[in-house]
Amino acid sequence: MSDLPAPEAPAPDPRPTPTEPVADPGAAAELDVAELDVTAPDVAVAPAPVEAAVAALPWWDSAVFYQIYPRSFADSNGDGVGDLGGVREHLDYLRDLGIDALWISPVTRSPMADHGYDVSDPRDIDPLFGDLAAMDALLAAAHERGIKVTMDLVPNHTSEEHPWFRAALTARPGSAERARYVFRDGRGPGGDEPPNNWPSIFGGPAWSRVVEPDGTKGQWYLHLFAPEQPDLNFDNPEVVDDLEKTLRFWLDRGIDGFRIDVAHGLAKPDGLPDLEIPATQLMVGSVEDSRFDNPGVHEIHRRIRRVTDEYRAVTVGEIWVDDNERFGKYLRSDELTLGFNFRLARAQFTADDIRDAITNSLAAVDAVDAVATWTLSNHDISREVTRYGGGRIGTARARAMALVVLALPGVPFLYNGSELGLADVDLPDAALQDPMFFRSGGLMRGRDGCRVPLPWDGVAPPYGFTTGSSTWLPMPDDWAKLTVAAELDDPTSMLELYRAAIALRRSRPEFAAGSAFALLPAADGCVVFQRGQGLVCVVNTTDEPMQLPPGEVLLSSAPMDGDRLAGDAAAWVAL
Ligand code: GLC
């Protein structure tokens, strides 16, 4: 990362100061004390001189990112779908939460077959979300509050309604219009079979056949996702040039960077050979899937980096690649600045899984001198409360993991609603909208459950999300205690935990970018890691209280019982 220009001077810090740890001495039962040895690191990262390192680091190296799924964040015009105006109206909430940067899922023009991940014009805002003026206003208002804004870039495919794809349909096989996409003749008699055996990630074949302008059955086009999302051909220089135009369009307006969709899938394997493995699912590491992580992808990221470096912008790639060495390649100093490592989002709430995810995520970036990212959920992944078992236990574990991601070295990404402790909603079939549900014939339920609109205030749907009466996905009846307003009033809420943790992360030097990290030996079922010169994060994944090391408990995810930490909980302790 050393080739980056010096960062801008930091904006004044408008965030709140940390609150005291929650204390409720009656809560923990009388149980064994777990042994904790915090003296001998077993994995150590050499301490760096913090102040010198921070001065040389770009802003994102220790930033807290917050993902906004715009349909579901806040609706400002009463149509039941969130929009840019809604984001702008709640910027003070985000500032007070303490986040540094936003990642806004796609708001560009789209027929919404995949809720914006099917882009028909990458250089305009969809009217559902607002317009360019609304984006400019949001950007200015965010910057006024010291919040950076990154957008989702969807380079792998367009919408079927993109003018390029429409032109390809009316053009001939072999034409320049078709060469922007991946068109092939079919196999078998009459070309009636798809060109290869690739399945779509959303279910069904990854090829659809077109009708030629003369009315005859024609070629097939590739779509790794829905048929409405034809894959672009990145071997075509016109495609890469157009991507650069899109980058510059938004960077010139002041955008601070991009999240790059399917960053590991842009280059397809030579000759498009048949797959030898069963279908890859979207949220599964795809290193075995020869359609992803092909060598040609790195040249595309170099091209993107040349542009974003001119603007000192950040890029964070969606990289479903398990192998550490191959993952790290995306983060070489001339490629992406950050990459999503999804190990923690796939880890169970066990000490082994958590430790394994941390160790591997760090190993993957250390090799290329890059910075790790941490995420528990996003718009594609079940919410953590649900993944950890739901209900009281799921919430307790999600609280604990919040303290983990906010203490690890690198860049945490919070998915909107995590800070409220929302769980997935079990929606009726009739409410579902995800193409994954329909394409898989209902075999995969899809991602709607983690995309339900956020509750802001009130005691019944739509909980202040919209001034209208309905919401694009129905909101449950039992969220009255999970609204922003209710949680701001409750010192024990998930929201207050997040606010306190982010404020501490900001104020304690142990959490600064470049500060040392070491995993320490710990009792069975516990994970302990140290930051800086003596702050430890202790995670107790057992269901029994454990004794914390001597020191000051800065924050705990559950009420403390003297110096004992409850099961399914975590604490930050200054030794
Ligand atoms: C990425 C997005 C997902 C989308 C897919 C196709 O995985 O995160 O939501 O459906 O790409 O664009």
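Of all the numbered requirements in (1) open to solvent by less than 20 Å² (accessible area, probe 1.4 Å); (2) polar (S, T, N, Q); (3) farther than 30 Å from Val314 by Cβ, Thr170 misses one, and that requirement is (1). Within the range 182-190, is even one residue part of a strand (DSSP E or B), over 18 Å from Asn233 (Cβ atoms) and either open to solvent by 60 Å² or more (accessible area, probe 1.4 Å) or touching a Cys at 6+ places or on another chain (Cβ under 6 Å) (or both)? There is at least one residue in the range 182-190 that is part of a strand (DSSP E or B), over 18 Å from Asn233 (Cβ atoms) and either open to solvent by 60 Å² or more (accessible area, probe 1.4 Å) or touching a Cys at 6+ places or on another chain (Cβ under 6 Å) (or both).
Quick one: is Ser377 of a type in the set (S, T, N, Q) and surrounded by 24 or more Cβ atoms within 10 Å (Cβ to Cβ)? Working first, answer last.
Working: of a type in the set (S, T, N, Q): yes; surrounded by 24 or more Cβ atoms within 10 Å (Cβ to Cβ): yes.
In short, yes.
Evaluating Val528 against the criteria (1) farther than 20 Å from Val411 by Cα; (2) out of contact with any helix residue (DSSP H, G or I) (no Cβ under 8 Å at 6 or more places or on another chain); (3) crowded, with 22+ Cβ neighbours inside 10 Å leaves one unmet condition, (1).
Taking the conditions exactly as written (modelled with pLDDT of 50 or more, part of a loop (DSSP other than H, G, I, E, B) and either surrounded by fewer than 15 Cβ atoms within 10 Å (Cβ to Cβ) or not assigned by TED's automatic domain parsing to the domain that holds Arg392 (or both)), does Gly26 satisfy them or not?
Values: modelled with pLDDT of 50 or more: no; part of a loop (DSSP other than H, G, I, E, B): yes; either surrounded by fewer than 15 Cβ atoms within 10 Å (Cβ to Cβ) or not assigned by TED's automatic domain parsing to the domain that holds Arg392 (or both): yes.
Here the answer is no, as Gly26 does not meet what is asked.
The residue list Val425, Val452 contains one member that is of a type in the set (Val, Ile, Thr), free of Cβ contacts under 8 Å to residues at least 60 places away in the same chain and either more than 30 Å from Phe225 (Cα to Cα) or not assigned by TED's automatic domain parsing to the domain that holds Pro199 (or both), which is Val425.
Quick one: is Ser361 away from the ligand (no atom under 16 Å from the Cβ), open to solvent by 20 Å² or more (accessible area, probe 1.4 Å) and assigned by TED's automatic domain parsing to the domain that holds Tyr69? Spelling it out, it is not the case that Ser361 is away from the ligand (no atom under 16 Å from the Cβ), open to solvent by 20 Å² or more (accessible area, probe 1.4 Å) and assigned by TED's automatic domain parsing to the domain that holds Tyr69.
Could you list, in sequence order, the residues of the range 361-374 that are on the phi < 0 side of the Ramachandran plot and not in a helix (DSSP H, G or I)? Across the range 361-374, the qualifying residues are Ala367, Val368, Ala370, Val371, Ala372, Thr373, Trp374.
Quick check, is Pro453 open to solvent by less than 20 Å² (accessible area, probe 1.4 Å) and modelled with pLDDT under 95?
Numbers: open to solvent by less than 20 Å² (accessible area, probe 1.4 Å): yes; modelled with pLDDT under 95: no.
In short, no.
Looking across the range 414-441, the residues that are modelled with pLDDT of 95 or more, over 30 Å from Glu544 (Cβ atoms), within 16 Å of the ligand (Cβ to nearest atom) and open to solvent by 10 Å² or more (accessible area, probe 1.4 Å) come down to Leu432, Gln433.
So, in the range 197-225, exactly how many residues are outside any strand (DSSP E or B), within 16 Å of Arg166 (Cα to Cα) and within 16 Å of the ligand (Cβ to nearest atom)? Steps first, please.
Looking only at the range 197-225, we keep the residues that are outside any strand (DSSP E or B), and these are 197-198, 200-204, 206, 212-216, 223-225.
Pick out the ones that are also within 16 Å of Arg166 (Cα to Cα) and you get 212-215, 223.
Going one step further and asking which of them are within 16 Å of the ligand (Cβ to nearest atom), we end up with 223.
Number of matching residues: 1.
Name the residue that is farthest from His115 (Cα to Cα), counting only residues in the range 226-245 that are within 16 Å of the ligand (Cβ to nearest atom) and open to solvent by 10 Å² or more (accessible area, probe 1.4 Å). Of everything passing the filter in the range 226-245, Phe234 is farthest from His115 (Cα to Cα). Considered as a group, the residues in the range 246-263 that are in a loop (DSSP other than H, G, I, E, B) and more than 23 Å from Trp220 (Cα to Cα) include one that is most open to solvent (accessible area, probe 1.4 Å), and that residue is Arg253. Within the range 470-485, one or more residues are more than 17 Å from the chain's Cα centre (by Cα), in the same structural domain as Gly116 (by TED's automatic domain parsing), touching a residue at least 40 places away in the same chain (Cβ under 8 Å) and within 16 Å of the ligand (Cβ to nearest atom). The residue that is farthest from the ligand (Cβ to nearest atom), counting only those in the range 98-147 that are touching a helix residue (DSSP H, G or I) at 6+ places or on another chain (Cβ under 7 Å) and of a type in the set (Lys, Arg), is Arg145. Yes or no: the range 311-318 includes at least one residue that is touching an Asp or Glu at 6+ places or on another chain (Cβ under 9 Å), in contact (Cβ under 8 Å) with a residue 12 or more places away in the chain and over 25 Å from Asp118 (Cβ atoms). For the range 311-318, residues touching an Asp or Glu at 6+ places or on another chain (Cβ under 9 Å), in contact (Cβ under 8 Å) with a residue 12 or more places away in the chain and over 25 Å from Asp118 (Cβ atoms): present.
Within the range 294-336, track down each residue that is out of contact with any helix residue (DSSP H, G or I) (no Cβ under 7 Å at 6 or more places or on another chain), over 24 Å from Leu272 (Cβ atoms) and in a loop (DSSP other than H, G, I, E, B). Scanning the range 294-336 gives Arg312, Arg332, Ser333.
For Arg505, the criteria (1) in contact with a Gly (Cβ under 9 Å, 6 or more places away or on another chain); (2) more than 16 Å from Val405 (Cα to Cα); (3) open to solvent by 10 Å² or more (accessible area, probe 1.4 Å) hold in every case but one, which is (2). Tell me, please, whether a residue that is surrounded by fewer than 24 Cβ atoms within 10 Å (Cβ to Cβ), touching a Ser or Thr at 6+ places or on another chain (Cβ under 7 Å), closer than 30 Å to Asp568 by Cβ and among the small types (Gly, Ala, Ser) can be found in the range 338-349. Checked against the condition, which is being surrounded by fewer than 24 Cβ atoms within 10 Å (Cβ to Cβ), touching a Ser or Thr at 6+ places or on another chain (Cβ under 7 Å), closer than 30 Å to Asp568 by Cβ and among the small types (Gly, Ala, Ser), the range 338-349 yields at least one hit. Within the range 149-176, residues that are more than 13 Å from the ligand (Cβ to nearest atom) reach partners that are at pLDDT below 95 and not in a strand (DSSP E or B) with beta carbons closer than 7 Å, at six or more positions or on different chains, in the pairs Thr170/Pro213. On the basis of being away from the ligand (no atom under 16 Å from the Cβ), in contact (Cβ under 8 Å) with a residue 60 or more places away in the chain and surrounded by 19 or more Cβ atoms within 10 Å (Cβ to Cβ), does Asp75 make the cut? Yes.
The values are calculated or read from the model by the stated rules, or taken from the named source; none is laboratory data. Please read all numbers here as calculations on a predicted model, not as lab measurements. Here Cβ is always computed from backbone atoms with ideal geometry, including for glycine, and neighbour counts include all displayed protein chains. We work out accessible area using only protein heavy atoms, side chains counted, and drop any ligands, DNA or RNA first. Shrake-Rupley method; radii C 1.70, N 1.55, O 1.52, S 1.80 Å.
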